[in-house]
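Have a look at the structure below before the remarks.
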Amino acid sequence: MKPFLIYLTVLMVILQPSSVLAEQAVGAPKVLRVGFSAKVFPDVDQRDAQIAMEIWTRELSRGMGIKTPPQTSIFKNSGDLLDAVKRGNLTFVTLSALEFLQIRDKAPMAPAFVNANNAGAGRQYVLVVRQDSGIRSVADLGGKTVTLLSKNKHEASHIWLDVLLMRTGHRDRSLFFRQTRESASASQAIMGVFFKQSDAALISHASLETNKALNPQVGKQLTSIAISKGLHGDISCIPTMVDETLKRTMENAALHLHETTVGKQIFTLFQTERIIPFNPSYLDGIVELLRERDRLLAKLPRKR
């Protein structure tokens, strides 16, 4: 549910009954248009995501004094999202860090916000196994079964796994593991290892901690054999054609939302503390990962 955070934050910011935001209704766009990449909703059904976003954008428009029905779009590919930004069809955009890196030199928009959580400004992934499995390293997983999350929604985790394997000299995961399979949720992947249905699972560190809190036996029975650097999940951007005054109002109010009662409720709901301004350093982890992947791919021969 965390990918909804920045979007809901901005919506609640503008809906706050403050004089500053009320004045912004005068300069608000005639139609509020927000766009999301489908990849920023990794754990939410796309139909549910669409409904939730439509409800909130309708409330946002009403709070800004916009009578025209809002437009909310979830883009299945970054190319369509990029085209919409270039045409000036979007007021606010959220996309995955990988997509942002792919299109940042072509998209007329500036990164504005990122999620902050207890682990810092990034998303870490972990490779977990049972403590009694005898598996102590990635090399020990040869011939074993590994459960992954959807590549379409957690692409960075798949890249990280490939890098882990290439560090040990294995370019093709299909030749290294006995089987890899995808799980519908992190909880299912964790329980698969817990009940010995899978030898290992690649999940987010946050998901592991949540499951350990809900079921202390998970923490006692499972252990991590690898943990990634922070691989930031999503970035929210404001197109450069958005009115500067409205942009500043959104930024200033959003960054103080955690100080309000409503803001605290939102952050509690999404199990994080607040949102913070974007800093280029937050992309360092994933940029380094992509560079290492490319270097190792060039170094390791392809199996014939």
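Read-outs: derived from the displayed coordinates by stated rules, not from any lab. Remember, predicted model here, so these are calculated numbers, not experimental data. No Cβ is skipped: glycine too gets one built from the backbone with ideal geometry, and neighbour counts run over all protein chains shown.
Any idea which of 184, 207, 163 is furthest toward the positive side of the dipole for the stretch 152-210, if Lys and Arg beta-carbons carry +1 and Asp and Glu beta-carbons -1?
163
For residue 80 and residue 196, what does the FRET efficiency come to when R0 = 30 Å and r is the distance between their Cβ atoms, rounded to the nearest 0.05?
Taking R0 as 30 Å, the efficiency between residue 80 and residue 196 is 0.10.
Amide H to amide H, which residues 5 or more places from residue 226 or on other chains are under 5 Å from it, using H placed in the peptide plane?
127
Which of 144/220; 76/212; 39/106 have a Cα-Cα distance over 31 Å?
Details: 144/220 22 Å; 76/212 33 Å; 39/106 19 Å.
From the list (144/220; 76/212; 39/106), the Cα-Cα distance tops 31 Å for 76/212.
Rounded, prolate or oblate: which fits the stretch 99-214, taking a ≥ b ≥ c as square roots of the Cα gyration tensor eigenvalues, rounded meaning a/c under 1.5, else prolate when a/b beats b/c?
oblate
Beta carbons within 10 angstrom, averaged per residue: use that to sort the peptides 283-292, 90-99, highest first.
Top to bottom by mean Cβ count within 10 Å: 90-99, 283-292.
Which distance in nm do the two modelled labels at residue 251 and residue 68 give, with both placed 7 Å along the Cα-to-Cβ direction?
Result: 2.6 nm between the two label points.
On a full-extension model of 0.36 nm per residue, what is the gain between residue 175 and residue 136, subtracting their alpha-carbon distance, rounded to one decimal in nm?
This chain segment gains 12.0 nm when fully extended.
Under 13 Å from the Cβ of residue 194, count the other residues' Cβ atoms, weight Lys and Arg +1, Asp and Glu -1, and hand me the total.
Working: positive: 130, 196, 212, 220; negative: 132, 199.
Neighbour charge sum, excluding residue 194 itself: +2.
Taking K and R as +1 and D and E as -1, what net charge do the other residues with C-beta under 15 Å from the C-beta of residue 109 add up to?
Charge balance near residue 109 sits at -2.
State, to one decimal in nm, how far the label point of residue 227 lies from the label point of residue 259, with both points 7 Å from Cα in the Cβ direction.
With each label point 7 Å from Cα toward Cβ, the separation is 3.3 nm.
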